[in-house]
Each structure stands twice: as C-alpha cells, then as structure tokens.
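See structure below.
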Amino acid sequence: MHILLRGREIANIKQLDVYEAHGGFAGLKVSLAMKPAEVIDVVKASGLRGRGGAGFPTGVKWSFIPQHEPIKYVTVNADESETGTFKDREIMEENPYQLIEGSLICAYAIQAKAVYIYLRGEFWDIGDQLDACIEALREKGYVGKNIMGSGYDCEVYTHLGAGAYICGEESALLNSLEGYLGQPRVRPPFPAQKGGGLYKEATVVNNVETLANVPFILTEGAEVFKAIGTEQSAGNKVYCVSGHVKKPGNYELPMNTTFRELLYEHAGGPLHEDRAFKAMLPSGGSGPIVPLTDEVLDTPMSYEDAEKIGTIIGSASIIIMDETVDMTWVASKVTKFFKHESCGKCTPCREGTYWLDKVIDRILDGRGSPDDVKRIADVAENMAGTTLCALGDFAANPIIHTIRHFPDDFAQHVQAQG
Amino acid sequence: MSDTVKINIDGTDYEVAAGSNLVDAAKWHAGNDIPVFCYHPKMDPVGMCRMCLVELGTPARDRATGDIVLNDDGSPQIRYFPKLQTACTTTVSDGMHIKTNTQQVIDARNDVLEFLLSSHPLDCPICDKGGECPLQNLTMRHGPQASRMYFEDKQLLEKHYPLGDLIFLDQERCIQCARCVRFQDEIVGDDVLAFHERGRRLQIITNSDPGFDTYFSGNTTDICPVGALTTADFRFGARPWELTDVPSISPWDAAGENITLSMRLDRDFGGKALIKRVMPRQNELVNEIWISDKTRFGHHFTRSDDRLVTAQIRTGDALRESNWDSAVSEIAQILRDAGGDVAAIAGSGMSNEDLWELRRLMEGLGSSRLGAWPPTHGGAEAVAEVGVGFGTNLGQLGKGDAILVIACDLEEEVPIWRLRLKQAQDRGAYLVVANARDTRLEDFAVQGARNDRVVEGDAVRYGAGEAVGVMRDLKKSHKKIAERLSKAENLVIVAGAEGLTLAGSRALAQAARNFLAESGHAGTRNSGLLSPLPGANGMGLHYLGFRPDASLDIAASPPKVLLVAQAELFDDDPAARAWLSQVETVIYANFFDDGISEFADFVLPLQTFAERDGSFVNGERRVQRFTLAQGPVGQALPAWKLFGSIRQEMGMSHLKPSAAAVMLEISKNVSVFEGMRYKALAQVKRQFPDVGGRDQYYGGTAYTNTGGVGIQIPAIADDDKKLKPVDLAESDDVVAADGEVLIMPIMRLYNRQRNFRPSLLLEPRILAPYAIIHPADAQALGIIQGDVIDISAGDSIIRARASVSDEIAAGVVALPRHMTDAAAPMSICSGAISRVAQAVASAD
Amino acid sequence: MAIIGNPKYEARIDHHLAKYETKRSAVMPLLYIAQEEYGWVNPEGIEEVAQILNLDPTQVKSIAGFYTMYSERPKGEYWLQVCTDLPCALKGADDFHAWLKEELGVEEGGTSADGMFTVEHVMCLAACDKAPMLQCNFHYVENLDQNKMRDLLAKWRQEAAGASNGHR
Ligand SMILES: Cc1cc2nc3c(=O)[nH]c(=O)nc-3n(C[C@H](O)[C@H](O)[C@H](O)COP(=O)(O)O)c2cc1C
Ligand code: SF4
Ligand code: FES
C-alpha cells in the first residue's frame, strides 16, 4: 500500500480533481474542524518522525511553537540534496497536492501565517508545477483567505534555492530564504523559538516526505499509522536505492522491512549477477558506511535497528556498491562532495574538508604513505563534534568508517610507499 | 530575577552579571582567557571559528517535575553536554559549570589551530601583525608543534587585494572570522564587505562603488585577528615591536577620540620620533575602541613640509626670518605701545593650556576681547548648562531612550558620534533626524532607507534656516515626535549650526535646552545636549572665556593689535582680507600660513598636538590629556610657551616650566577645572569589555589605555535640575534677496583645510568642489548636472560643479566649505548663482 | 536590455517582491531573472538587483558567489551540468562526463569553440536511479548514453540555428 507514492497507483493524482476524487483534502477538512492543539496531538500520537534525516518526532516539534506568538511560519524542506536521495522529488512530481495538503494541516496546527516551500534550485520544473498547483488551490479556496470556509488564512509560496546542499540544514535554509548566505545559524534560538525562525519568528521546518504523511494520519487516524512499521519507527518510508542494483528507484515500504527484502525482492538484487554486494551507504554520503553482511541484510530499516548495526537511516538514500568498488575511491568521491558543499563558516569543516581531499587525492594517486591514512583518520576525528552544524560530522563519517571497515582498500594504495 | 548568577569555572565559583557572555564573564571575573578568533565583545557572537570550545554543563532537571536533581551530598547534579560547546555563543546561567583545562578542551584548541594553520602562511616575520597577532600568540600557547599539512597543498591566493584605497586584504592570511564584515554591517551600518564563494574558497570582497570606502574602515585592521587586513598607511611601515605607544587625543573634532600614537625613531625624520600609525585607545565613555579614518590617516600634517618652522618678522614689505628672542621682545614692545587696544582670536584646536596663557596675556594688557574661531557655532554656552549629564555614556543608550539630531550632519562633522548614535538606534533607541537636507544619519532613522533593517525613528525635513522654529515649536508642529522625545527615559539632543547664523545656532541650542528642561531630562545621566562644535576644543574655548561673538565683534571693529593663534582666518572668512587690513599689527601663530602672512607682522611657528603636552575639553565636557610624541619641527613652540614668554618679557609672570604646571594653575583658578591636574586626568580604571591586555584577542596592543580616561566637567544643570525656560536669543531670519538664493554652507569630513590636505592617503579622496542645487532652480538658471557655476555672496565667490538634486529645497544651494582655496561663506546667507561653463561629458 | 523597466520581467519581479516579508528575500529569484536576461550574472545584473532591493551591490555579489547555479562568467547557449556524484559514478557517469568533454572539445567548466555548450560536473541532482544524467539549462535529461547524447547535441545545434533558444 502506498501512502506517499500514490502516483504509482492512481493515474493523474497530480491533477486536482483526481486528487480530490481520491480523498484529497479530507485530512485538511478534518483538521479545520478540530482545535489546532488537537491536530498536534493526533500527529504526536501517530509516532511520525521527521523524514529529513534526524528523525525527530514531528508532533513534538509542532508543539514547541509558542502559541501566543502572533506570527508563525511553516517552511517545507524540499532541498533534497543528500547524495543518493530522490524521494521528495517523486512525491512532488507525482503527488504534489498531498504535500501541500500536509503543509496546510501543519500550518493550521501551529496557526502559521504562511508556508514557504524551499526547493533545491535544480527543481526548477517542480517549482513551476507547484506554483500552478497553488494557483489552482487558491481558486478553489484551499489556499489564501478563509480556507474551506474555516476562517483560517494561510498563503503558500515556493522558493528556489540555487545549488547548495547546506541549505537543507534548517537554519541555513532560513538564512537562504531571507536572502542571506546559506550558512547555518548559531542555535539556540532554535527555529521553533521566537528569534530563531524565519524572519525571527517561530517556524516549523519539515521535510517533504514528513508532511506528505500528515493527510493520511488525519483521515485514517493516528492508530492506523502507528500500527505500520516498528515500535519506534511508525509508518512507511520511501527508500531511494541507487548504485549496483538491477532496479534502482524509490520503494515505499513499512519501516520494519529488512534491507534484504528491499535489495533483493524490490530492487532486483545485484546489477551484475556474478558480483557480490560489498558495501552500503544507507544515508547517502553523510551516514556511516557498512559492509553488506548477512547480519546487515537482515536488519529492519528502522531508526533504532540501523543504529544497532552502527549506521543511520537518515534520509534513506541507499547507495549499493559491489565488490569491484574501491572504498578509497568512494571516500574520495564523498569527500569531494562535502568539500564542495562546505559553507565555509566554521573552521574545522572548511579547512578539514579541503585538507582531507588533498590527502586522499594523493593516496589515490599512489603518492601517499601509510602515515597519510592515519593522518586523514585523525583529521576526520578532529572535525567530528567540533563544527557548527552536522555537515562537519557528515564529512568526517565516510573517512572514519571506510578506513575502519575497509583498511585493505587503503593499504593497497600506500603499500608501495611503505 | 537577580542581577548576578553563580557560575563555576574549573572548580571555582564566581558571581557574574546575569545575561553576560560566557567568554566575557570568564575573562572579567576569573581572569580566564578563553581563546577566541571570531568572537568580539562589541559584536554579536557567530560561533564560527570554534576556538572557544569548552566543556559545558548545567544543573540537571527532573523531566517530570522540573526540579533540579541533587547529588548525594546535596549539591546539584551537573549534566554536561556530550559535545564541547562554544563559549562565545553561551550566555551564563545560574549553576552553569565550565571546564577550560581538560585534555578534551586542550586537544580541541590544538585541533582548531592546526586547521587554521593548515592554510595560513607562516610568514610572521614579515607580517604587519607579527608581535600583536592573536593567531601567533595562541599558536605559541595552544598550537601544534609542527604542521602536518604538506606545504604544497596550501592554497595560493592574492596577497595584496585592495578592498578600497585604504585597506588591503591578504587572502592567504584571512581566517574567515568575519569580524570585518560584521563590523561594517553591525557597527557602521555600511554592509560593503561580504563573503564570496564558499567552503575553502570563501573570501572577503567588496563590490561597492567606490570599494571599501567608509569613514571607519581602518578599525577593521585593528579587530582583524591576523595580519590579513592592513592599512595603506602603515603596511610594511614598521614592525609592531619597534613602536613606542604614546597616548593622545584626536585633534579633529568634538568627540575627542582617545588615540595612541605609535612612534618610531625615523631616519627620514632626522632620527627623531615619528608617527608611524594612529590607533584607537579604549575609552568606553568616548570612542569605545573605534576611531574615524580621518583620525587614523589624517596625521601627516604634523610632519608636512609646508609647516612653519621659523619665527618671521616683517620689515617693510617683506618678512624676514628671525628668532624667538627678538620676536618675543618686539611683540612685547608692540603690545606695550598698543594702549590696551588689543584683541586675540584663538582657533578651536588650541589646548586649554594655550588658551589660559593667551587669556592671561590679554588680561594683563587690559583687554577682554577674546574671540573664539571659527565663529559659526553658538551652542557652547547651552552645552555648559545642559550638556549630557555627568557620567553619560552614549554606549548605554538603547530601548526606551530617544535621540534628536538637528541642524547638523554628524557623519561629516563628528563621525564617532554618528557611529555611537546609530548603534543606540540598533539597541532600540528612537532616533529623530531633523535637517534641511538629506544626511547619512537619516538612513538609520527612516524605515526602508537602506536594507530591510527595522528602525525606530523619524525624519523631519524643514526649510533652510528654519531649525530654530522647528525646535521651539516641536510640541505643536510635530506633536507625536515631541511626545516620544519627552517621554523617553533618556533624551540626547544634538544641535548643530547647519543652515543657521551664529545667533541662530545659539537660539537653536537654547530651544533645545528649554525642551530638555521642560521634559525633565536636563541634568540627568545619559541625557542632555551635544553640539558638534568645530575643532577639538570648542568647549575649552568656552570655559576659558573665548566667545565666537567676540570674533564677530573684532571683525566689526578691529583693534590696533590682533593676535591670531591657530586660526585660519583667510581660509574661513571671505571678509577677512577686508577687515584685517584695518588692523595695524597682526601677530600670527600657527602650523601653516593660510595667506595671512601678506598682512602679518609676525608669523610664528607652533607645535601640533603630536609634539607637545596639553589637554582638550570634548563635546561631552570631558577634559582629556594628550602627550608629547613626535620630535620637534624647526623652531616651533607650543602656543602656551609663546604667550608665557611674552608675559615673562613684559614682566607679568614667570614662564611656566611645563604644560602640567599651566594646568595646575588653571585648576586653581577656573572653578570647572578644579582638581584636574595631569595626574588625575591620567587615571584609568579597568574597562569593560576588557579588550587590551596581554591576551590581545580583540585587537592590537594599542587599545590599552595607559593615558587616562579624562574627567568630565559637570554641567550646570547637574547641580541645579530646576531650570526655567529662557527667551531665545534674537536671530533674524535670513532671507534670499530678490533674484538670489539662500547659500547654506555645509561641512565635509574630507576637505581642503590646511591641516587635512597633507594627509597622503586621504587627500585624493577629497571631492572636487561642488554645490547642491535644486532641479527647479537649476532649470530656471539653465544649469544642468556637472555645469561649472559661480556661487557669489558678499566677498565670497566659489567656483564649483553643480550637483542637481532634490535633496534640498528649491531656493537653497548647499555649498560645502573648504573645498576650494577661496573661502566659502561661514554661515547661511543670500547669494547669487551663475553658470560659467558647460558640463564636460565625462567618460562614464 | 535591462531587467529594470523590462516588460518581460515586470510581473515576475512584482510577484517575487510580494511573496516575502522583506525585499532582501527576493534576491535569489531576482538573480535568476538577471541571469536569464544577460546569460550570466554580470555586473549590470548585480547592480540592478541591488537597486531593486535597496541593497548594497556587495551583498548581491556575495549571494551570487555562494550558490553554484548563478554563473558569474558567461556560459554557452546550453549549460550542461553532468552529475558525477557517487551514485551516478557507480553507473559510469565519470566516463560519460569525460567522453562528453572530449566530444565537444572542452575542458572542465569550459565552453565549446562555437559558444554553444558549457560542460561542467556537478554534485548529486536527485536523479540517481536514472544515471547517467545531466541538467541542461536547468531542465533534467536522464538515462543517457553516448548515442542519445549525440542525438541531443545535434538537436540542440539545429534548434539554435533556427530560433534563439527558449530554454532559460
Ligand atoms: C547538512 C545538512 C543537510 C540537510 N539536508 C536536508 C535536506 O536536503 N532535506 C531535508 O529535509 N532535511 C535536511 N537536513 C535536515 C534538516 O536540518 C532538518 O532536520 C529537517 O528538515 C527537519 O525536517 P523533519 O523533521 O521533517 O525531518 C539536513 C541537515 C543537515 C545538517
Ligand atoms: S560544518 Fe561546514 S557546513 Fe556546517 S557551518 Fe561549519 S563550515 Fe558550514
Ligand atoms: S566560535 Fe567562539 S570565538 Fe569563534
């Protein structure tokens, strides 16, 4: 059953009349009949956790918004820039109204003045489509003044980024939306607090997938949602599979599904039958890499189970590598990503990503020494935990974990230098 | 809520001010210098450099009850953050514990330094900051022993990137702390610096036109924690450790910025001590740690080749070089013969000591004609009466307070006041700017004038010359504004003289005085009147009995013998030639000859502020000392010594041995100076924020104040708060004659005054002569933008380019003074405009 | 032309200015408009955006420099951004990128001699299941191989020879 990727079942659900015919805006209608605080309670009870990476309980986040503040905002994080992630894109391309409906429910629950959808700049065409959707909704009274006759007013806008992964980090996103450099802010104050959000007002920042779950929760009830998945990871999750599998793509599955089921039953197994899986990055470039052992394959893809195997689910961008892949090269690829995306604001990340890249290049070139491997492990350790935002930690992960799990891949490049 | 909280630093409890920043609190109370690069106590924390990481814990609270969890021994249980936290972004809270000396913290500091050094050039021996560089110091203390970064991996970047004509950036040295960017944005309000690109390519740029070009740009080089920003003035000029720091006071304006002159013996200066650079000296009450670029880069006049160096005496048509002995004895003779028909005009840059000796000389001769020059501003009397209350600190103005700035352009007249008042506005003070034209400060009083900055303020525009009426009738004509001003907790009024005559500016100051008296603000701390009196010692002139009206009176009925000291009559007064020709003997003492030598019988060289001791009274009535720093030029003497010698020659008194001795006498004879001996003036208490000292995290060593913070003279209202309104001084409205317009002189910070022109760096920045003319007037006279026009009024004809703009009213021409060699009118007057030549099509 | 006073952009500029609480927020959409008008974010564009938003040009330049989708140098008619990030690279994107550069005779970030194509590699574009792929003037082209790419290049060349392109 699809909650999110409904475009796969219902043709043309991206048209408003089709969406309405299939229960569209029932969730918003239910919500508008409730008190805002009751809506938050339902979302809390559902156990929905943020799909943007950190997995923070969504209802709890909404409840942090100080109700007495006169101005509040919702910003939808549609920056989707994590290496290997492409789920929000499909939701917005194929099922855009559901995202907007979810955003409006959130907006009503916190009594927001407006919703800003922050799209990564490359989602230019999606932005155009969403703008058209918003216009269609305005005409039908779902957006703007007196939504569905409830007396509640709310505007929805899109905003295009322009090529900066860091703008997915919520405070950098807010800076970018305000026309400043997309660099993270000092916290506290947090976005949910006065002074920390958009235009210094209390603001909810939620991922696209998170919000797209919300209409279902309101129509079907929290219990139905909670019953899906595991104890701590309720609901379905869209897993983005890429790399060496036969059928890469998005798969929406309950969060108690195992990696084995995803990779073999849905994604069709190894791309090349004769090559074994070697390693997996389950959360794009930012999470710890794991060797694809049987133990790992049999682990359910939930927040808590991923932790048990030393990694994270994060945004569930699952990159699969077979035995032909050199992990030193992987470390270099991912490091280049973070070097390119480091915003430059804080020292360890700015200098560390640059330095790591230089040394890994040297190792890949065959000019490195075993000392260099130690050096990058050490530099990465020094970055971790000292940066202003999590990007610095993300950047340290690939180095630390590739070296930990695949020391031979590094040794082979530096042996000659020994 | 209590005013203090208890925090624990490395095991010791300290009682610190609630709401204070952890870095500041640790430094102030525990003497614990948490290392920082990006943090600066004058700016909002940004947590960028990560140098200040500490272990941070707070009392644990029970999730259910919210109560503090206790240990077995009854002490609160401290829950530490799993990661190190940046102290600079932490506000102290009760029960907070921090550890700054654990291995984890030591490692983190080491690591951050290693990261910074991984791309920083190791060129300390040739770096301008070498010796006073936080990065260098911290590396010595906390840094790695050797770099593990391969040398060839370092980025090669531009070493001499000009951000403007004044400031250069060494991109390799920049550590991206953003202090300069934030200074320009937060403190100055001119966001002309920014980062470009991102990650390791992040660089400081400016894309403004002209580039990094504000009146405060030099301050960025002080707060830059490495040698990335250097001034074109000091770059490669000397090594910081060769310099001797001498405390001084800015000679330029009423702010009285505290400065340090960094001196070095210089071969090109005959082996004598020479000013290598001018640095701010911390005085939180006056200039905090900032100075204007004029103060920083304007010092070259002190060693200009044009300085007067010998005493000259007229014989017949010619001046001949002489010596002090003959000059003094001849002057004494002339004064004796004058039969009391003598007068003196003293410039506003003269020290109290000079003024005292001059006054005594005149008194000895039986004359009370003591003129203050230039006779443009009549506000000193009112400032003495209701000037800002004792202990006022403009840095404390903020929410609930109000500021009215009327009839002046502070950016151009007293830039540091504009800086501090703009910041008061940032802190929430209500700012009203009233003038007859656009001025820079208005940008901070009008919502949307610049950026989306939220401002609390109003702008009042009036016709030229109407300032007195506006101030007097504010309650009627601008009811809402007047109400907000009256009801403010503190109210500072800055009243100038733009668009006014001398009498008009006096009346304006009185109207402001009445307003302050009625609102109950007079005589209270952080409230009162300021006036941008010209020069560094406008208030000193007043307290020592020199009056601008006396100057007008001297011009109207010239004496037989006139002593002109440190006043450029020719440069200032278009009528000077006419009335001076009626004076029998002119005795002229100054740094430069402004052309008066044509009339003078004696031309005598004086020492500038850099070569001697002395004191000034600033616009907040603070008496402040400056000290001998630079080697002498020629035979120049301090003015007090010249007048003292004449008195001695005439048998009036012995020459005092030193400026200190003169001040001692002043303190005994002039009641407002009671107790102000040099020693007392030189006292310094520890100031917050603690930016000097050995840690040097916040700037160069020269911030440290070793010269004293001065002593404020109480305002009359401080003792007598029940002031009655006074009737305003008579001041006729100036109206334009038939077919003429009103000529409204205005001031530019960078102009062609004698002592400014020699500034090597700033001279090219002086604008070509221009006059602002309203489009309607321009059209009527067939003038277009850029045309050459003549502006004539009385004895003055100024040739300038027309700048056509509706920022002034029709019927008014705003004419900057001191932009040409010819003197422009000193005060508002009627005059005529004529077109001389067509605009030359310019390249753009 | 210019963007200020250009009827082509008037409605869009107004729309963006109306969207936000502050003018400054509109700097990103307006930079796209400047880029559309001039083909790159040139000094004139920066000046105009600064003027519309009442910002110092330095601030606008700073924003243009931070984000990779604003080009501060002129580009070819077709700006081809090939994703070579890890997932695409696992599917041969690096080779595809190298081939494309050779095919067009350009260096990384360079523009073909005829001014038609600029080629550069970019980080993940959220199309990892459709590698190799690229973005041409901000529109996605996916599941590429050398044959498909040759056809596309030919088509674009033809297009350009006809009317001026309407891609941006
Ligand atoms: C460097 C960095 C990049 C991020 N990128 C994204 C992103 O592209 N999309 C997203 O939804 N969240 C991203 N996040 C997480 C957001 O900061 C934030 O936690 C999330 O939008 C919250 O929404 P959620 O609670 O619905 O997950 C990123 C975080 C970091 C530190
Ligand atoms: S960790 Fe990297 S991305 Fe995050 S603030 Fe620091 S420099 Fe910017
Ligand atoms: S991060 Fe605290 S001083 Fe820079």
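The values are calculated or read from the model by the stated rules, or taken from the named source; none is laboratory data. Keep in mind that this is a model prediction, so the values were computed, not measured. Cβ atoms come from the backbone with ideal geometry, glycine included; neighbour counts cover every protein chain shown. Quick note on the areas: whole protein, heavy atoms, side chains included, nothing else; ligands and nucleic acids left out. Shrake-Rupley method; radii C 1.70, N 1.55, O 1.52, S 1.80 Å.
Being within 21 Å of residue A:121 (Cα to Cα), open to solvent by less than 20 Å² (accessible area, probe 1.4 Å) and either away from ligand 2 (no atom under 11 Å from the Cβ) or assigned by TED's automatic domain parsing to the domain that holds residue A:96 (or both): is that true of residue A:168 here? Give the derivation first.
Working: within 21 Å of residue A:121 (Cα to Cα): yes; open to solvent by less than 20 Å² (accessible area, probe 1.4 Å): no; either away from ligand 2 (no atom under 11 Å from the Cβ) or assigned by TED's automatic domain parsing to the domain that holds residue A:96 (or both): yes.
When the stated conditions are applied, residue A:168 does not pass them.
Among the residues of the stretch B:325-359, how many are part of a strand (DSSP E or B) and basic (Lys, Arg)?
Narrowing the stretch B:325-359 to residues part of a strand (DSSP E or B): B:342-347.
Filter once more, keeping what is basic (Lys, Arg): none.
Of the residues in the stretch B:325-359, 0 are part of a strand (DSSP E or B) and basic (Lys, Arg).
Of everything in the stretch A:352-397 that's of a type in the set (Ser, Thr, Tyr) and more than 16 Å from ligand 3 (Cβ to nearest atom), which residue is least open to solvent (accessible area, probe 1.4 Å)?
Pass one, the stretch A:352-397, residues of a type in the set (Ser, Thr, Tyr): A:353-354, A:369, A:386-387.
Now restrict to residues that are more than 16 Å from ligand 3 (Cβ to nearest atom): A:353-354, A:369.
Numbers: A:353: 3, A:354: 22, A:369: 32 Å².
Taking the candidates together, the pick is A:353.
Right, residue A:103: surrounded by fewer than 17 Cβ atoms within 10 Å (Cβ to Cβ) and among the hydroxyl-bearing types (Ser, Thr, Tyr) or not?
Numbers: surrounded by fewer than 17 Cβ atoms within 10 Å (Cβ to Cβ): no; among the hydroxyl-bearing types (Ser, Thr, Tyr): yes.
No; evaluated as a whole, the condition is false for this residue.
Could you check the stretch B:39-138 for strands (runs of 3 or more DSSP E) lying wholly inside it with 2 or more residues that are within 19 Å of residue A:349 (Cα to Cα) and within 15 Å of ligand 3 (Cβ to nearest atom)?
B:53-59
Quick check on the stretch A:140-159. Is at least one of its residues among the β-branched types (Val, Ile, Thr), part of a loop (DSSP other than H, G, I, E, B), open to solvent by less than 20 Å² (accessible area, probe 1.4 Å) and within 14 Å of another protein chain (Cβ to nearest Cβ)? Show your work before the answer.
We begin by selecting, within the stretch A:140-159, every residue among the β-branched types (Val, Ile, Thr); these are A:143, A:147, A:156, A:158.
Retained after the next criterion (residues that are part of a loop (DSSP other than H, G, I, E, B)): A:143.
Narrowing the set further to residues that are open to solvent by less than 20 Å² (accessible area, probe 1.4 Å) leaves A:143.
Imposing the further condition that a residue be within 14 Å of another protein chain (Cβ to nearest Cβ) reduces the set to A:143.
Yes, the stretch A:140-159 contains a residue that is among the β-branched types (Val, Ile, Thr), part of a loop (DSSP other than H, G, I, E, B), open to solvent by less than 20 Å² (accessible area, probe 1.4 Å) and within 14 Å of another protein chain (Cβ to nearest Cβ).
Restricting attention to helices (runs of 4 or more DSSP H) lying wholly within the stretch B:491-583, give those where 3 or more residues are touching a strand residue (DSSP E or B) at 6+ places or on another chain (Cβ under 7 Å) and within 24 Å of residue B:620 (Cβ to Cβ).
Numbers: elements: B:502-519, B:538-543, B:548-556, B:569-572, B:576-580.
So the answer is B:502-519, B:538-543.
For the stretch B:3-51, which positions are open to solvent by less than 50 Å² (accessible area, probe 1.4 Å), in contact with a Phe, Trp or Tyr (Cβ under 7 Å, 6 or more places away or on another chain) and either free of Cβ contacts under 8 Å to residues at least 40 places away in the same chain or within 16 Å of ligand 1 (Cβ to nearest atom) (or both)?
B:30
For the stretch B:666-717, which residues satisfy the criterion of being more than 18 Å from residue B:393 (Cβ to Cβ), part of a loop (DSSP other than H, G, I, E, B) and among the hydrophobic types (A, V, I, L, M, F, W, C)?
B:670, B:676, B:682
Residue by residue, here is whether (1) in contact with a strand residue (DSSP E or B) (Cβ under 7 Å, 6 or more places away or on another chain); (2) open to solvent by less than 20 Å² (accessible area, probe 1.4 Å); (3) within 12 Å of chain A (Cβ to nearest Cβ); (4) without any contact (Cβ under 8 Å) to a residue 40 or more places away in the chain holds:
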| site | (1), (2), (3), (4) |
| --- | --- |
| B:66 | no, no, no, yes |
| B:89 | no, no, yes, no |
| B:92 | yes, yes, no, no |
| B:101 | no, no, no, no |
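Going by what's in this entry, would residue A:203 be described as in contact with a Pro (Cβ under 9 Å, 6 or more places away or on another chain), more than 16 Å from ligand 2 (Cβ to nearest atom), within 14 Å of another protein chain (Cβ to nearest Cβ) and of a type in the set (Ser, Thr, Tyr)? Break it down into steps so the answer makes sense when it comes.
Details: in contact with a Pro (Cβ under 9 Å, 6 or more places away or on another chain): yes; more than 16 Å from ligand 2 (Cβ to nearest atom): yes; within 14 Å of another protein chain (Cβ to nearest Cβ): yes; of a type in the set (Ser, Thr, Tyr): yes.
In short, yes.
So, in the stretch C:53-71, exactly how many residues are open to solvent by less than 20 Å² (accessible area, probe 1.4 Å) and closer than 14 Å to residue C:35 by Cβ?
8
Could you list, in sequence order, the residues of the stretch B:188-243 that are within 14 Å of chain A (Cβ to nearest Cβ) and at positive phi?
Passing the criteria: B:197, B:199.
Please list, ordered by first then second residue, the pairs with beta carbon atoms under 6 Å, 6 or more apart or interchain, first in the stretch B:746-773 and over 29 Å from residue B:834 (Cα atoms) and buried (at least 17 other Cβ atoms within 10 Å of the Cβ), second modelled with pLDDT under 95 and hydrophobic (A, V, I, L, M, F, W, C).
B:761/B:232
Only residues that are in a helix (DSSP H, G or I) and hydrophobic (A, V, I, L, M, F, W, C): list them for the stretch B:164-193, please.
B:180, B:181, B:183, B:187, B:188
Scan the stretch A:384-395 and report the pairs whose first residue is among the hydroxyl-bearing types (Ser, Thr, Tyr) and whose second residue is more than 6 Å from ligand 2 (Cβ to nearest atom) and not in a helix (DSSP H, G or I), with Cβ atoms within less than 8 Å and a gap of 6+ or a chain change.
Matching pairs, first to second residue: A:386/B:50; A:386/B:53; A:386/B:83; A:386/B:84; A:387/B:50.
Which of the residues that make up the stretch B:133-191 are touching a strand residue (DSSP E or B) at 6+ places or on another chain (Cβ under 6 Å) and open to solvent by 50 Å² or more (accessible area, probe 1.4 Å)?
Correct list: B:160, B:161, B:162.
Considering each residue of the stretch C:61-84, count those that are in contact (Cβ under 8 Å) with a residue 40 or more places away in the chain and at the interface with chain A (Cβ under 10 Å from one of its Cβ atoms), and give that number. Write out each step before concluding.
Here is the first cut: in the stretch C:61-84, the ones in contact (Cβ under 8 Å) with a residue 40 or more places away in the chain are C:68-69, C:75-83.
Those left that are additionally at the interface with chain A (Cβ under 10 Å from one of its Cβ atoms): C:68-69, C:81, C:83.
Total meeting the criteria: 4.
Condition first: of a type outside the set (S, T, N, Q) and either within 16 Å of ligand 1 (Cβ to nearest atom) or surrounded by fewer than 17 Cβ atoms within 10 Å (Cβ to Cβ) (or both). Now tell me which residues in the stretch A:116-129 satisfy that.
A:116, A:117, A:118, A:119, A:120, A:121, A:122, A:123, A:125, A:126, A:127, A:128, listed by residue number.
List the number of the failed condition for residue A:183; all other conditions in (1) open to solvent by 20 Å² or more (accessible area, probe 1.4 Å); (2) farther than 23 Å from residue A:51 by Cβ; (3) touching a residue at least 12 places away in the same chain (Cβ under 8 Å) hold.
With (1) open to solvent by 20 Å² or more (accessible area, probe 1.4 Å); (2) farther than 23 Å from residue A:51 by Cβ; (3) touching a residue at least 12 places away in the same chain (Cβ under 8 Å) applied to residue A:183, the lone miss is (1).
Tell me, yes or no, whether the stretch A:232-249 has at least one residue that is over 30 Å from residue C:22 (Cβ atoms), open to solvent by 10 Å² or more (accessible area, probe 1.4 Å), away from chain C (no Cβ under 13 Å) and not basic (Lys, Arg). Steps first, please.
Residues of the stretch A:232-249 that are over 30 Å from residue C:22 (Cβ atoms), as a first pass: A:232-249.
Next cut, open to solvent by 10 Å² or more (accessible area, probe 1.4 Å) only: A:232, A:244, A:246-248.
Among the residues that remain, those that are also away from chain C (no Cβ under 13 Å) are: A:232.
Now drop any that are not not basic (Lys, Arg), which leaves A:232.
Scanning the stretch A:232-249, I find at least one residue that is over 30 Å from residue C:22 (Cβ atoms), open to solvent by 10 Å² or more (accessible area, probe 1.4 Å), away from chain C (no Cβ under 13 Å) and not basic (Lys, Arg), so the answer is yes.
How many residues does the stretch A:46-62 hold that are open to solvent by 50 Å² or more (accessible area, probe 1.4 Å) and either within 14 Å of chain B (Cβ to nearest Cβ) or more than 10 Å from ligand 1 (Cβ to nearest atom) (or both)?
Total satisfying the criteria: 0.
In the stretch A:337-351, which residues are buried (at least 24 other Cβ atoms within 10 Å of the Cβ) and either at the interface with chain B (Cβ under 7 Å from one of its Cβ atoms) or more than 20 Å from the chain's Cα centre (by Cα) (or both)?
Residues of the stretch A:337-351 that are buried (at least 24 other Cβ atoms within 10 Å of the Cβ), as a first pass: A:337-338, A:341-351.
The answer is A:342, A:343, A:344, A:345, A:346, A:347, A:348, A:349, A:350, A:351.
Could you list, in sequence order, all residues of the stretch B:615-637 that are part of a loop (DSSP other than H, G, I, E, B) and over 21 Å from residue B:278 (Cα atoms)? Steps first, please.
Applying the first criterion (part of a loop (DSSP other than H, G, I, E, B)) to the stretch B:615-637 yields B:618-621, B:627-636.
Of everything in the stretch B:615-637, those that are part of a loop (DSSP other than H, G, I, E, B) and over 21 Å from residue B:278 (Cα atoms) turn out to be B:619, B:620, B:621, B:634, B:635, B:636.
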